[in-house]
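First the structure, in the form of structure tokens, and then the observations on it.
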Amino acid sequence: MNEADAALVTGAIKKYYLDHHDMVPTPDKISRREFGYQVGGGSMVRHLSYADERALRVMLVGTAPSDVYCSNACYRFPTFAMKEKSWLDASLIFDIDAKDLGLPCRVGHSILVCAECARVSPAAAGKCAACQSQKVTVRSLPCTKCAAASLKEVAKLREILVDDLGMDDSSIHVYFSGNEGFHVHVDPGSFDALGSRERAELADYIMFKGAIPEAYGVPRAPGAKLGLPGPDDPGWRGRLVRSLGAAPAKKAARAGHAEFQKTLGSAGIGARIDPQVTTDIHRIFRMPGSINGKSGLAKVPVPDGSKFDAYTESCLIDSAKVDITAECPHRFVLGGRRFGPYSAKDTSVELYAAVYMICKGFAAAR
Amino acid sequence: MKGFGTLEYAQYPFLEGVGRYVKDSGFGIEQFGHDSDLIPYVDRAMERIMAATRGQIYSSELDRGDIDHTLLDKETFSFVIAVIILKICGKHSLIKRFALAESRRAEKFLERNLGRDSGGGSTTAKVLAELFSVDVRYNPRGYAIPISDYIRHSAHFHEREWKLVNRMVTGGDVLLSAHQAVRLLRHELGNYIQNHITRVSAPPMMPNFAGHIAKLNEIAKELEPEYVVVSGEHPPCIKHALEVLKRGENLPHSGRFMLATFLFGRGWTVEKIAPLFKDAPDYNERTTMYQLKSISGGDGKTRYNCPLCDKLRTQNLCHETAECNGIVSPLQFGTRRK
């Protein structure tokens, strides 16, 4: 990002935090938490601490960070080096990212940005169409299919958290990350003291990973009596039978241990969370209400039960027109308006769209 | 003390109140170490230790339901003496085996008692709560243990049956049989006993123990395992990571961490490892060198170890083959006991 781009983005973010400071809720036990931020997508400044809401707000408006993060963990000494922080606990968090779902729509809305010449090419090209370099980064445009598929995973996760892990539905808070994913925050509870390894077990459970036939009533010994669970059984036992159907489940079980293991592996019934996020107990995590520096969109709460248009609800930066030079081979919808395609074209667009394209590497300020 | 009596002390001689009980019974370590009339207690203590060194579980009249008061004391005192002997001997391998064998012995009592008295509010549930802060409740479908308590213990098991996904889970609890509930705590029980021994301060050598300790020192020498690398080949997870890099594809951060820590574990240097990353799409020589140096523990920083296979499975980095042969760390691939 050049100086002009950085000035435009930082100015827009500063105005956002001035106008929407109430969008960023103050974390509880704020003085126990580690904060971090990046300015203009640059290097991370972390091991910071804020005494209260006011101090946090002064930082947001004064620094206008492109990304701001807060630990889900509490520490005795949040500003110390990691080994000396004295970890106290960490609430559970989950990340569901559309790019990990392997959706067929992705090629159609993914774009390659060349690390060497900064030109933009369609993902199907596989390399930079301008200079043939292989050093490209994949950037994605808004996609309602991706958002819908991610929300389906969120619903699966919520069901597991409530029915199996015994959480109160009201303790689960879902946010659109402001780019391609959804974050699920859980209020403090009985899992907060667990370490990374234990959380990996929880993550595997949620993803339905590591299931063995014996646990689902299919013994290893050939000809041994089957004990398949019923559809009303709790947890994964019932969920598996409901998903496969009673008759197909029985058929798969009769095919033997090895075949049933394959059935378990391909059942695809787990919620597709990013296990790295859930197992990292020292992570600083994007703050609710803050701007996502990869897109200029805000991390916003997803309300229960109502329709949610991620790329409209999160579009909270100003809509004054600005001039940019844009290069984007696909059309996209943001804030309810259509943009693109652009081929290295001078154009005038709303500030939020300009920030979006600059953050993605598809445009430059003029 | 929580309503525990001589029977509980004999069955679970590592409970906190045992030391006080021995003292109140009029005995002390000095007496066990010097008084020739007490040699039968010392001999029984050695029986316990020797069974553990053979990988067996010490068995006595108590197992068969004999609860004569003198016998109960013999059981309790012999454990206390065994701990002192091991402490003077100071051989970690023996302490570890003893802790494991004694935990298995206690496990049998726990399972038997838990099955009899239906969990919550019982003496056995109190023992479990005192030792492990685990809340075990009886439920018509099994013994209910809060998920957070369950995974605190099960996460250290390598057998897949212990994974939470392979358990009956509902409403925040894991439902287990009495056998499973007790088996869950075996490792912790072993640790508890091991920590118990660690906390005990070693008295000086005493005549009743000297011959036994000399014998144990000999046994300990034979028990120390030694691993040798018999194949220079990399495990499949590492081969896969190297192939990804060679193809110029993106290897996730966790994969790069695994590769670097593995190679450091095999004795490679930063300079030898760094070129492996040069085909990565986001390769930056300075960043790579900085990160490798950090991981290697250079400049007085923490040296990171290669993640265990369990963690790599969760991270989708495991590409297990038959050749892995049940290893728990990639660094064990191609090694065998001497």
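The values are calculated or read from the model by the stated rules, or taken from the named source; none is laboratory data. The structure displayed is predicted, hence computed values, not measured ones. Note that each Cβ is placed from the backbone with ideal geometry, even for glycine, and that neighbours are counted across all protein chains shown.
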Could you check, for region B:146-164, whether at least one of its residues is of a type in the set (V, I, T), surrounded by fewer than 22 Cβ atoms within 10 Å (Cβ to Cβ) and either within 11 Å of chain A (Cβ to nearest Cβ) or not in a helix (DSSP H, G or I) (or both)? no
Residues to consider are B:T335, B:T287, B:T261, B:T314; find the one that is of a type in the set (S, T, Y), exposed (fewer than 15 other Cβ atoms within 10 Å of the Cβ) and within 28 Å of the chain's Cα centre (by Cα). B:T335
Residue tally, condition in a helix (DSSP H, G or I) and either basic (K, R) or within 25 Å of A:P25 (Cα to Cα) (or both), over region A:185-215: 2
Restricting region B:37-71 to residues that are assigned to a helix (DSSP H, G or I) and modelled with pLDDT under 90, the one nearest to B:T6 (Cα to Cα) turns out to be B:H69
Output yes when any residue across region A:177-184 is assigned to a strand (DSSP E or B) and within 14 Å of chain B (Cβ to nearest Cβ), and no when none is. no
Only one of A:L18, A:L8 is over 13 Å from A:G293 (Cβ atoms), surrounded by fewer than 15 Cβ atoms within 10 Å (Cβ to Cβ) and touching a helix residue (DSSP H, G or I) at 6+ places or on another chain (Cβ under 7 Å). Can you tell me which? A:L18
Quick one: is B:R256 touching a Phe, Trp or Tyr at 6+ places or on another chain (Cβ under 8 Å), within 14 Å of chain A (Cβ to nearest Cβ), within 25 Å of A:Q276 (Cα to Cα) and exposed (fewer than 14 other Cβ atoms within 10 Å of the Cβ)? no
Exactly one of A:G289, A:G230, A:G268, A:G238 is at pLDDT 95 or above, small (G, A, S) and either assigned to a helix (DSSP H, G or I) or surrounded by fewer than 18 Cβ atoms within 10 Å (Cβ to Cβ) (or both), and that residue is A:G238
Criterion violated by B:R303 - all others in (1) outside any loop (DSSP other than H, G, I, E, B); (2) more than 18 Å from A:Q276 (Cα to Cα); (3) within 13 Å of chain A (Cβ to nearest Cβ); (4) basic (K, R) satisfied: (1)
Picked from region B:311-322 (must be part of a helix (DSSP H, G or I) and modelled with pLDDT of 85 or more), the residue farthest from B:K239 (Cα to Cα) is B:K311
Could you list, ordered by first residue, the pairs with Cβ atoms under 7 Å in which the first is in region A:73-88 and at negative phi and the second is surrounded by fewer than 13 Cβ atoms within 10 Å (Cβ to Cβ) and outside any loop (DSSP other than H, G, I, E, B), at least 6 apart or interchain? A:F77/A:E84
Within region B:17-40, can one find any residue that is more than 17 Å from B:L62 (Cα to Cα), free of Cβ contacts under 8 Å to residues at least 40 places away in the same chain, loosely packed, with under 15 Cβ neighbours inside 10 Å and not assigned by TED's automatic domain parsing to the domain that holds B:I197? no
Would a scan of region A:129-147 turn up a residue that is free of Cβ contacts under 8 Å to residues at least 60 places away in the same chain and assigned to a helix (DSSP H, G or I)? yes
Is there any pair linking a residue in region B:52-72 that is surrounded by 13 or more Cβ atoms within 10 Å (Cβ to Cβ) to one that is outside any helix (DSSP H, G or I) and of a type in the set (A, V, I, L, M), with Cβ under 7 Å and at least six apart or on different chains, and which? none
Within region B:165-186, restricting to residues that are assigned to a strand (DSSP E or B) and of a type outside the set (S, T, N, Q), the one that is farthest from the other protein chains (Cβ to nearest Cβ) is B:L176
Among the residues of region A:205-220, is any aliphatic (A, V, I, L, M), under 24 Å from the mean Cα position of the chain (by Cα) and away from chain B (no Cβ under 14 Å)? no
Cross-chain or 6+ apart pairs with Cβ under 8 Å, region A:249-266 first and under 14 Å from A:P229 (Cα atoms), then of a type in the set (D, E) and part of a helix (DSSP H, G or I): A:A252/A:E259
